[in-house]
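Presented below is the structure to which this report refers.
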Amino acid sequence: MDHDEQTLEAKLALMSDEEKQHFKMVILELVQCYGPDGKQAVILFHGSDKLGGIVTLNCDAMEASALLLEANDFFGFLNVIGAPPKEAFN
């Protein structure tokens, strides 16, 4: 077993059952990005105080940018669900 496999095994051993279920769901989504008609994905990693890295799956930089813009719109929408109308802020 190489170092990467040992690291993976060690991380998996520390996961709770709930974390393992979530990890399994993430892997199932990621694997769908490979092969013909694969999904597209962008994975962002946050470092200690800044963006730690980006991995694109089955997309180029322009497609990744479009995905990030869609995600921004989606989270912006989620953040205002149930909020009072802007007129009520005065």
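The values are calculated or read from the model by the stated rules, or taken from the named source; none is laboratory data. A quick note: this is a predicted structure, and the numbers were derived from the prediction, not measured. Note that we place each Cβ from the backbone using ideal geometry, even for glycine, and neighbour counts take in every protein chain shown. Just so you know, the surface numbers come from the protein's heavy atoms only, side chains and all, with ligands and any DNA or RNA stripped out. Shrake-Rupley method; radii C 1.70, N 1.55, O 1.52, S 1.80 Å.
Here T56 meets each of (1) open to solvent by less than 100 Å² (accessible area, probe 1.4 Å); (2) polar (S, T, N, Q); (3) free of Cβ contacts under 8 Å to residues at least 12 places away in the same chain with one exception, condition (3).
Report, by residue number, each residue of the range 1-37 that is more than 20 Å from T56 (Cα to Cα) and loosely packed, with under 10 Cβ neighbours inside 10 Å. Working first, answer last.
First pass over the range 1-37, keeping only residues more than 20 Å from T56 (Cα to Cα): 1-22.
Answer for the range 1-37, where residues must be more than 20 Å from T56 (Cα to Cα) and loosely packed, with under 10 Cβ neighbours inside 10 Å: M1, D2, H3, D4, E5, A10, A13, L14, S16, D17, E18.
From the list G47, G82, G35, G53, the lone residue that is in contact with a strand residue (DSSP E or B) (Cβ under 6 Å, 6 or more places away or on another chain) and at pLDDT below 95 is G53. In the set (1) within 11 Å of the chain's Cα centre (by Cα); (2) among the polar types (S, T, N, Q); (3) open to solvent by 80 Å² or more (accessible area, probe 1.4 Å), N79 fails one condition alone, (1).
Suppose we keep only residues that are small (G, A, S) and open to solvent by less than 90 Å² (accessible area, probe 1.4 Å) within the range 38-51. Which one would you say is nearest to the chain's Cα centre (by Cα)?
Within the range 38-51, the subset small (G, A, S) is 38, 41, 47-48.
From the residues that got through so far, the ones that are open to solvent by less than 90 Å² (accessible area, probe 1.4 Å) too are 38, 41, 47.
Working: G38: 16, A41: 8, G47: 14 Å.
Only one residue tops the list, namely A41.
Is it the case, given these coordinates, that N72 is surrounded by 10 or more Cβ atoms within 10 Å (Cβ to Cβ), part of a helix (DSSP H, G or I) and of a type in the set (S, T, N, Q)? Step through it out loud before you land on a result.
Numbers: surrounded by 10 or more Cβ atoms within 10 Å (Cβ to Cβ): yes; part of a helix (DSSP H, G or I): yes; of a type in the set (S, T, N, Q): yes.
Yes, satisfied.
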